[in-house]
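Nothing in this text is a laboratory measurement; each read-out follows from the coordinates by a stated rule. For clarity, every value in this text was computed on a predicted model and none was experimentally measured. Ideal geometry is used to build each Cβ from the backbone, glycine not excepted, and the neighbour counts take in all protein chains shown.
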């Protein structure tokens, strides 16, 4: 086999690329889920939701 063809086949072969991309996507999704979980369970968000619900339930329609 010609050395140039061999090098070309080694450089252009991306057989494992989809596995790496899948792993990085899974890692990014898990990191995003952790951030969202932290934000949602934070005191500010919980207090804001409680305030909205309390205001909505305490106001009677005219």
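Taking label positions 7 Å along the Cα-Cβ direction at both residue 2 and residue 28, the computed distance is 3.8 nm, reported to one decimal. Were the residues from residue 56 through residue 18 laid out at 0.36 nm apart, the gain over their Cα-Cα distance would be 8.8 nm. Expressed per residue, the C-alpha convex hull volume of the chain stands at 121 Å³.
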